[in-house]
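First up is the structure itself, then whatever we jot down about it.
The values are calculated or read from the model by the stated rules, or taken from the named source; none is laboratory data. Bear in mind that the values here come from a model prediction, so they are computed numbers and not experimental data. Backbone-built Cβ (ideal geometry, glycine too); neighbour counts: all protein chains shown.
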Amino acid sequence: MVNALRQILQATSSDAATLDSVAVQSSSPTQQGAFIDIKNVSHHFAQNHKNGAAESNANLPVLDSVSLQVQPGEFVALLGPSGCGKSTLLRLVAGLEPPSAGHITQEKQPIKQPDPSRIVVFQDPTLFPWRTVRDNVALGLQARKVPKEQYVRVDEALSLVGLTEFASSYPHQLSGGMAQRAALARALVNEPKLLILDEPLGKLDSLTRLTMQGELLKLWQKAGFSVLLVTHDVEEALFLANRVIVFSPRPARTVAELQVDLPYPRHRTDPRFVQLRQQLLRDLGLSDVT
Ligand SMILES: Nc1ncnc2c1ncn2[C@@H]1O[C@H](COP(=O)(O)OP(=O)(O)OP(=O)(O)O)[C@@H](O)[C@H]1O
Ligand SMILES: [Mg+2]
């Protein structure tokens, strides 16, 4: 396990962090990714309406018979209008709540609760302000009572995301990009088989975002975990993912699925990239605005 992170670290730290230098360095990732099977999943939330003295209960349908698989080591991006149900689907895959109908399995075993093999990274880094960066990253290991000898993984993960020098800093001393890197290190230290990313770069400025996209790609290529990414950014989805799924407005249904047939590293000016971008915008019903 420790060796796995060390291998990633050695390979990654020798690379330049620039966007276009991102390349598949190795075809033999150090970790096995999860196989996730989402089968006919529907979900609703109970809603309580008050109209004067009268109260009524209704169900808000959020997911409508969604089926999709994430193959081991695959990077799948989910696109869809705001409020359609993307984060809800991620929460179900994480095991934070059960679906109202349908099944979700990992390695053919039902997902019933959160598990360290599936780690969620949100838009907000949600670091504890009273803990140093190192102690924030070590949280998962502490919670699982992992022996102290294995805490070398914390330093490895920090090095991996370029935060070694800031290990003793507190969250308020970090930039937005650095805080999000710390959140990524906190996820990686658990050596996840599935990384669940809910707009993890959504609040970063556009330049930091481009750099972080490149870094995320490198981490994925080296480590071999599977990724389920929600993003609102069509280019981000095309730059990163093997496959892009487009959802309808709520309740989310799959309306399109696109295999991204471009080798890494991808270039945003590549004619095929531009063509796929147009296609996704059409699938999202946004072709008129470009
Ligand atoms: N815990 C909850 N209880 C009740 N309704 C909820 C709950 N969580 C989400 N919803 C509703 O479910 C719908 C889908 O929400 P969700 O957060 O999954 O959308 P989303 O696709 O992630 O949107 P965005 O792109 O804006 O993040 C929304 O209408 C939201 O109000
Ligand atoms: Mg969301």
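Would you point out which residue out of Ala223, Ala256, Ala252 is touching an Asp or Glu at 6+ places or on another chain (Cβ under 6 Å) and hydrophobic (A, V, I, L, M, F, W, C)? Let's see the steps before the verdict.
Numbers: Ala223 fails: touching an Asp or Glu at 6+ places or on another chain (Cβ under 6 Å); Ala252 fails: touching an Asp or Glu at 6+ places or on another chain (Cβ under 6 Å).
That would be Ala256, the only listed residue that is touching an Asp or Glu at 6+ places or on another chain (Cβ under 6 Å) and hydrophobic (A, V, I, L, M, F, W, C).
List every residue pair whose Cβ atoms lie under 6 Å apart, where the two residues are 6 or more positions apart in sequence or sit on different chains, the first residue falls within the stretch 184-206 and is on the phi > 0 side of the Ramachandran plot and of a type in the set (Val, Ile, Thr), and the second residue, located anywhere, is within 16 Å of ligand 2 (Cβ to nearest atom) and modelled with pLDDT under 90.
Partner pairs satisfying both residue conditions: none exist.
Just checking: which of the strands (runs of 3 or more DSSP E) contained wholly in the stretch 200-265 hold 3 or more residues that are under 18 Å from the mean Cα position of the chain (by Cα) and crowded, with 19+ Cβ neighbours inside 10 Å?
Working: elements: 226-230, 243-247, 254-259.
Result: 226-230, 243-247.
Filter the strands (runs of 3 or more DSSP E) completely within the stretch 30-136 down to those with at least 1 residues that are buried (at least 19 other Cβ atoms within 10 Å of the Cβ), within 16 Å of ligand 2 (Cβ to nearest atom) and touching a residue at least 12 places away in the same chain (Cβ under 8 Å). I'd like the intermediate steps shown before the answer.
Details: elements: 36-51, 54-70, 75-79, 101-106, 118-121.
Answer list for the stretch 30-136: 36-51, 54-70, 75-79, 118-121.
Regarding Asn190, is this residue farther than 24 Å from Arg153 by Cβ and either at pLDDT below 95 or surrounded by fewer than 21 Cβ atoms within 10 Å (Cβ to Cβ) (or both)? Give the steps one after another, and end with the answer.
On the way: farther than 24 Å from Arg153 by Cβ: no; either at pLDDT below 95 or surrounded by fewer than 21 Cβ atoms within 10 Å (Cβ to Cβ) (or both): yes.
So Asn190 fails the test.
Restricting to the stretch 264-277, count the residues that are closer than 29 Å to Val66 by Cα and without any contact (Cβ under 8 Å) to a residue 24 or more places away in the chain.
3
Specify which of the listed residues (Ala17, Ala46) is touching a Gly at 6+ places or on another chain (Cβ under 9 Å) and modelled with pLDDT under 95. Can you show your working first?
On the way: Ala46 fails: touching a Gly at 6+ places or on another chain (Cβ under 9 Å).
Every option except Ala17 fails the conditions.
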